[in-house]
Amino acid sequence: MTMLANLLDDLFIILQIITGTISTYQITIGLAGFFRKKEQCVHAPEKSFAVIVAAHNEEQVIAPLLENLKLLDYPKELFDIFVICDNCTDRTADIVRAHNLYAMERFNSEKRGKGHALEWMFEKLWQRKRQYNAVVIFDADNLVSRNFLREMNEKLVDGSKVVQAYLDTKNPYDSWVTISYAVTYWFMNRMWQLARYNLKMANSLGGTGICVDTDLLKEMGWNATSLTEDVEFTARCVEREIYPSWAHNAIVYDEKPLTLASSMKQRLRWMQGHFYCARHYFWPLLFKSARTRNLSQFDAALYLFQPMRLLIVAMTTLMLYLQVATPLYDQLGLTKTLPNWFWWAINIALYAQTPLAMMIERVPLRGYLGLLAYPVFLITWIPVTVVAFFTSNNTEWSHTAHTRSMRIEDVS
């Protein structure tokens, strides 16, 4: 038993150091999110865009987005709208055609999922007579701020090759689950994305509201067909020393699941894809960052490590529980490498950044009610991540149903 106790002590020390170091790093980086330089569009519209909407059986929500996109504050001759009607069995394609837009119908029962659909769409796009300076990617349930393309034009003219927009929630007050999503995104937009933008580090792509320079996309190819194509494409860009930028003023409103069951199903797919990407890109990025002393590549590697970090937190919590709540307490002397005050300080600092981010972002008062449910929502990430760890080889794409038909006037 003494040998087992010593092994557990050593493991516990390593896990504590890893968790404590990464948590301290994240808090420190997040401080840069408290500051925001006001940015204005000074360049005239010059870049042309292929606006691509990924859709699978989205007849209930697609029309408001199409109307929204047609009214973007940007010269109409500089953008076209394409909707990938991916394996649709409803009226999605008919609705797109009724709006006089391009309905790109795709039927492939083997290569399912958004990543495959986008790769197919890009191949079709390169074959067209008209070519564009950049592509913009949305989901069918989104709504978009009218200045979106002007903001992307600004970033592209200034030299950015890949840009992520501000992600907000379309239906934050529909349930405790949707408000928890909203709180998460308010925090991430400010303390993760803006912080890294301020520090001139790579931003993380978020699945929608993405703008990519066409020449870059043709050169490196999409090749992001995992369950989390955004995480995969981010890693591929950073590997090539192409660092995605951030457009805080370009807003995408994304519909979130209403129930905990549908939310956990969605997040399970996210975590499965995240683990898959971590297996393929974590070590190459980490080793490359060590060779080149590149902080952006190191930070991108840590982003891929986040699900594993959550597992470590769950594991160390379980070990502490076993230490104090079972007969093992008298037999296993699990070492506390870091004092209690450190963990209290870390957790308070991590959680306090969330309401502070909401205050800076001027979230409506009722949004703060989400802070009551938010800790429960965070806890539900643990079983999702544990299951995802053991099922990360799953590549079967699952569709999240969207039903909240809203117009841009309702959210902005």
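Tabulated results
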{"quantity": "All helices (runs of 4 or more DSSP H) inside the stretch 1-115 with 2 or more residues being free of Cβ contacts under 8 Å to residues at least 40 places away in the same chain and open to solvent by 10 Å² or more (accessible area, probe 1.4 Å)", "calculated": "2-30, 92-98"}
{"quantity": "Single residue of the stretch 208-220 satisfying the filter (surrounded by 21 or more Cβ atoms within 10 Å (Cβ to Cβ) and aliphatic (A, V, I, L, M)) that is farthest from the chain's Cα centre (by Cα)", "calculated": "212"}
{"quantity": "Condition check for residue 360: touching a residue at least 24 places away in the same chain (Cβ under 8 Å) and open to solvent by 50 Å² or more (accessible area, probe 1.4 Å)", "calculated": "yes"}
{"quantity": "Cβ-Cβ under 6 Å pairs, at least 6 apart or on other chains, the stretch 299-311 side without any contact (Cβ under 8 Å) to a residue 60 or more places away in the chain, far side among the aliphatic types (A, V, I, L, M)", "calculated": "301/285; 301/286"}
{"quantity": "Answer from 270, 246 - the residue that is touching a Ser or Thr at 6+ places or on another chain (Cβ under 7 Å) and either farther than 21 Å from residue 132 by Cβ or crowded, with 18+ Cβ neighbours inside 10 Å (or both)", "calculated": "270"}
{"quantity": "Verdict on residue 285 being in a helix (DSSP H, G or I), over 30 Å from residue 146 (Cβ atoms) and open to solvent by 30 Å² or more (accessible area, probe 1.4 Å)", "calculated": "no"}
{"quantity": "Any chance residue 259 is closer than 30 Å to residue 407 by Cβ, modelled with pLDDT of 95 or more, of a type outside the set (D, E, K, R) and over 14 Å from the mean Cα position of the chain (by Cα)", "calculated": "yes"}
{"quantity": "Scan of the stretch 393-412 for residues that are within 18 Å of the chain's Cα centre (by Cα), farther than 13 Å from residue 61 by Cα and open to solvent by less than 50 Å² (accessible area, probe 1.4 Å), ordered by number", "calculated": "397, 398"}
{"quantity": "Residue selected from the stretch 74-130 under the condition among the polar types (S, T, N, Q) and out of contact with any Phe, Trp or Tyr (no Cβ under 9 Å at 6 or more places or on another chain), by the criterion farthest from residue 270 (Cα to Cα)", "calculated": "100"}
{"quantity": "Count - residues of the stretch 179-215 that are within 12 Å of residue 361 (Cα to Cα) and out of contact with any helix residue (DSSP H, G or I) (no Cβ under 9 Å at 6 or more places or on another chain)", "calculated": "1"}
{"quantity": "Checklist (1) free of Cβ contacts under 8 Å to residues at least 60 places away in the same chain; (2) surrounded by fewer than 21 Cβ atoms within 10 Å (Cβ to Cβ); (3) among the small types (Gly, Ala, Ser) applied to residue 262, failing item", "calculated": "(1)"}
{"quantity": "Meets criteria (free of Cβ contacts under 8 Å to residues at least 12 places away in the same chain and open to solvent by 10 Å² or more (accessible area, probe 1.4 Å)) for residue 150", "calculated": "no"}
{"quantity": "Residue among 223, 142, 198, 171 that is out of contact with any strand residue (DSSP E or B) (no Cβ under 6 Å at 6 or more places or on another chain) and open to solvent by less than 10 Å² (accessible area, probe 1.4 Å)", "calculated": "171"}
{"quantity": "The lone exception for residue 188 - which of (1) more than 21 Å from residue 263 (Cβ to Cβ); (2) without any contact (Cβ under 8 Å) to a residue 40 or more places away in the chain it fails", "calculated": "(1)"}
{"quantity": "Hey, residue 205 under 18 Å from residue 253 (Cα atoms), crowded, with 24+ Cβ neighbours inside 10 Å, in contact with a strand residue (DSSP E or B) (Cβ under 6 Å, 6 or more places away or on another chain) and free of Cβ contacts under 8 Å to residues at least 60 places away in the same chain or not", "calculated": "yes"}
{"quantity": "Residues satisfying the stated conditions in the stretch 377-412, i.e. of a type in the set (Val, Ile, Thr) and touching a residue at least 40 places away in the same chain (Cβ under 8 Å)", "calculated": "380, 382, 384, 385, 386, 387, 391, 395, 400, 403, 408, 411"}
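The values are calculated or read from the model by the stated rules, or taken from the named source; none is laboratory data. These numbers come from a predicted model, not from an experiment. Virtual Cβ from ideal backbone geometry, glycine too; neighbours counted across all protein chains shown. Note: areas computed on protein heavy atoms with side chains; ligands, DNA, RNA excluded. Shrake-Rupley method; radii C 1.70, N 1.55, O 1.52, S 1.80 Å.
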